[in-house]
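All remarks here apply to the structure that follows.
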Amino acid sequence: MYYMTKIEDTVRIPPYRFDDPLEEVALEILNDKYDGHLDKKLGLLICVNEILEIGEGKLIMGDGASYHNVMFNSIFFKPEQQEVIDGEVIEIAEFGAFVRMGPMDGLVHVSQITDDYINYDSKRNALLAKETNKTLDEGDLVRSRIVAISLKDNSTKNTKIGLTMRQNGLGRFEWIEKAKQDSKKAKK
């Protein structure tokens, strides 16, 4: 889920940027400072998108820069437990598929892909269902549900997101569409 959050901070404007428009410089410096920052409560900061207020600059003895108190809006991505997300399969492994969902990746373990038994095809680098002949390849678009979240540190490197596709309306988009068509045929 994406959120917009209001934040207050102090921004340091170096002297060589005094001739540039203050808001543009502050926005650039804040994005450099915060872009990609992970907060356990707020999520992953995607960007600082708007300066709401910028205070009068203050000077500190021995430093030629000016310091401004700022209030700004930023956009965060925070995965939520039980949230249904769309994503793209970016990597297939023996134990499951990694799915890119916006700025973060999650893992669908082989036990959470379908109710069917799953085999890993190393030549094709794909996951194959034994009875239903469903396949999962890199580049496939999928819909999944977040079932586990572990946000650690201030980086996405140690973040773990567990996904499932074993419920109705989840899985590869082609599987979902086929299930809808089969359901319509069964009703007739």
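Where a number appears in this text, it was derived from the coordinates with a stated rule and is not lab data. Model, not experiment: these values are computed from the prediction. Cβ coordinates were reconstructed from backbone atoms using ideal geometry, including for glycine residues, and neighbour counts include every protein chain displayed.
For T156, no residue has an amide H sitting under 5 Å from its own, ignoring neighbours fewer than 5 places away on the same chain, with H placed 1.01 Å from N. Spacing of the modelled spin labels on D35 and E91, each 7 Å from Cα toward Cβ, amounts to 2.3 nm.
Between the labelled values (1) 9, 30, 26, 12, 7, 6, 5, 3, 2, 0, 0; (2) 9, 33, 31, 16, 9, 1; (3) 9, 28, 22, 17, 12, 8, 3, 0, 0, the entry that holds P(r) over Cα pairs in 10 Å bins from 0, in percent as derived from this structure is (3). Cross-link partners of K134 among lysines, defined as those whose alpha carbon lies under 19 angstrom from its own and excluding same-chain residues fewer than eight positions apart: K123, K178, K180. Amide H contacts of I90: F98, V99, R100, G139, each under 5 Å away and 5 or more positions distant or on a separate chain (H built 1.01 Å from N in the peptide plane; Pro and chain starts excluded).
Any chance you could give the angle, 0 to 90 degrees and rounded to 10, that helix 173-187 forms with the longest Cα principal axis of the chain? With both axes taken from Cα atoms, the answer is about 50 degrees. Using only side-chain charges placed at the Cβ, +1 for Lys and Arg and -1 for Asp and Glu, the dipole size of the chain relative to its Cα centre rounds to 1280 debye. Here is the list for segment 107-188: chymotrypsin sites (Phe, Trp or Tyr not before Pro) lying in DSSP coil, each with at most 13 other C-beta atoms within 10 angstrom of its C-beta, are Y117. Between the amide H of S66 and those of I13, distances stay under 5 Å, these residues lying 5 or more places away or on another chain, with hydrogens modeled in the peptide plane. With θ taken as phi - 60° and the Karplus curve 6.51 cos²θ - 1.76 cosθ + 1.60 applied, the whole-hertz 3J(HN,Hα) list for segment 108-117 is 9, 5, 3, 6, 10, 7, 8, 6, 7, 6 Hz, x standing for glycine and proline. Rounded to the nearest 20 debye, the dipole size of segment 2-77 about its Cα centre is 360 debye, using +1 on the Cβ of Lys and Arg and -1 on the Cβ of Asp and Glu.
Relative to the longest principal axis of the Cα atoms of the chain, the long axis of helix 22-34 lies at roughly 50 degrees. Partners of K33 within straight-line reach, counting lysines whose Cα lies under 30 Å from its Cα and excluding those fewer than 8 residues away in the same chain: K6, K41, K58, K78, K152, K157, K160. Think of the chain as having a plus end and a minus end, set by charges on the Cβ of Lys, Arg, Asp and Glu; of L38, I60, L151, L151 sits farthest toward the positive end of this dipole.
Once C-alpha pairs closer than 8 Å and six or more residues apart are averaged by separation and normalised to the residue number of segment 39-129, the relative contact order reads 19 percent.
Summary of packing: across the peptides 94-104, 25-35, the per-residue average of other C-beta atoms within 10 Å ranks them, highest first, as 94-104, 25-35.
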